[in-house]
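What follows is a short report on a single structure.
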Amino acid sequence: MDRDKILNLYNQHIRIEMTEPDALMEVTDSIVRKVSLTTEHGFISYSKMDESNADHIIEQQIAYYKNVKQQFEWKVFDYDQPVDLKEKLRKKGFTLEESEALMISDLTEANQLLHTRVLPEVRKIKTEQEIWEIIKLEDGVWNENHQDLGDRLIRDFNDNSANLSLYGAFVDGKIVSAAWMYLHEGTPFSSLWGGSTLADYRKKGFYSSLLAVRAREAVEYGYPLLTVDASPMSKPILEKHGFRCYGYSTPCMSPKFE
């Protein structure tokens, strides 16, 4: 599948049409925005602007989220217009975070992930307690608090419509590596998240096994495209497993509104 076709599918299904169970989606001629029903953070997933109207539309979104008292993330892709959108947001007080590579793997092709061995230590997460063990793992790996992530995973774990699958690598009863996946119903996409591994258990094949087991589940349920927002560290690893880079996105965080 060529680049333009995949990006068109991604934009339409993931950036424009995809709904969130815990957010109100609002669509205008220029943007797709999400207003959170559970947190104080909103999200703009898609924008269609040009140099003539971008500044005005940005001001409109700032005023909107300020009115609902939600800080918000504007996710800007490198192919979005106008070309200086990130700089325009920066001048309005947004903080630009580290860019992520948009990595996609086409499972309809002869994909090596479908033939990668899954280590016996890897199994599906089945309890809320195991999810909190994953959060403890994430806290330790990144030295940050992931309480909000835990709350969201628990909520989605108990909501069948979220189509969430979680996996962990267990060594001596302890989760040493973990990852999860969302199957986006009505689209050809599933998205991969996580993949953190404790330092003492890296380079043992757990990351590859977690990729492979999720790829097989995606194919089983009829989702031929895997997508990952990859950090600079993850990008070369994913490329070795057959993923291609289709662009870069930058999370731009608005100022906090009192």
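Coordinate-derived values only; no laboratory data. Quick caveat, the model's predicted, so the values are computed rather than measured. Cβ: placed from backbone, ideal geometry, glycine included. Neighbour counts: every protein chain shown.
Taken along the Cα-to-beta-carbon direction at a fixed 7 Å, the label points for Ser161 and Glu217 span 2.1 nm. Summarising the label geometry, the points placed 7 Å from Cα in the beta-carbon direction at Glu185 and Thr95 lie 3.6 nm from one another. Modelled label positions at Glu20 and Met253, each set 7 Å beyond Cα in the direction of Cβ, lie 1.4 nm from each other.
Projecting the Cα atoms of Leu198, His184, Ile125 onto the charge dipole of region 109-223, computed from C-beta unit charges around the Cα centre, puts Leu198 farthest toward the positive end.
Which order results if Asp200, Asp106 are arranged by neighbouring Cβ count within 10 Å, fewest first? Write out the running numbers ahead of the final one.
On the way: Asp200 8, Asp106 16.
Going from sparsest to densest Cβ surroundings: Asp200, Asp106.
Could you tell me how many degrees, from 0 to 90 and to the nearest 10, lie between the Cα long axis of helix 206-220 and the main elongation axis, the longest principal axis, of the Cα atoms of the chain? Roughly 80 degrees between the two axes. Note on region 109-223: Kirkwood radius taken over Cα pairs, Stokes-Einstein applied at 10 °C and 1.306 mPa s, translational D equal to 110 µm² s⁻¹. The packing ranking, built from the mean of other Cβ atoms within 10 Å per residue, places the peptides 169-178, 63-72 in the order 169-178, 63-72, highest first.
Here is how the number arises for the chain: DSSP H runs of 4 or more residues each give -39500 (n - 2.57), the sum is divided by the residue count, and the result at 222 nm is -9000 deg cm²/dmol. A full extension of the chain between Arg3 and Glu128 corresponds to an added length of 41.1 nm, given 0.36 nm per residue minus the alpha carbon distance. Using the Cβ-Cβ distance between Tyr79 and Ile237 with R0 = 22 Å, the FRET efficiency computed as 1/(1 + (r/R0)^6) comes to roughly 0.35.
What share of Cα pairs, in percent, lie more than 27 angstrom apart in the chain? Spell out each step's value before the answer.
Values: 13302 of 33153 pairs.
The calculated P(r) of the chain puts 40 percent of pairs beyond 27 Å.
Each residue of region 39-53 was assigned a 3J(HN,Hα) from its phi angle through the Karplus curve 6.51 cos²θ - 1.76 cosθ + 1.60 (θ = phi - 60°); the sequence is 10, 9, 10, x, 7, 9, 9, 7, 9, 9, 9, 9, 4, 6, 10 Hz, with glycine and proline shown as x.
Between Ala63 and Arg244, what is 0.36 nm times their sequence separation minus the Cα-Cα distance? Round to one decimal in nm.
Full extension from Ala63 to Arg244 adds 61.4 nm.
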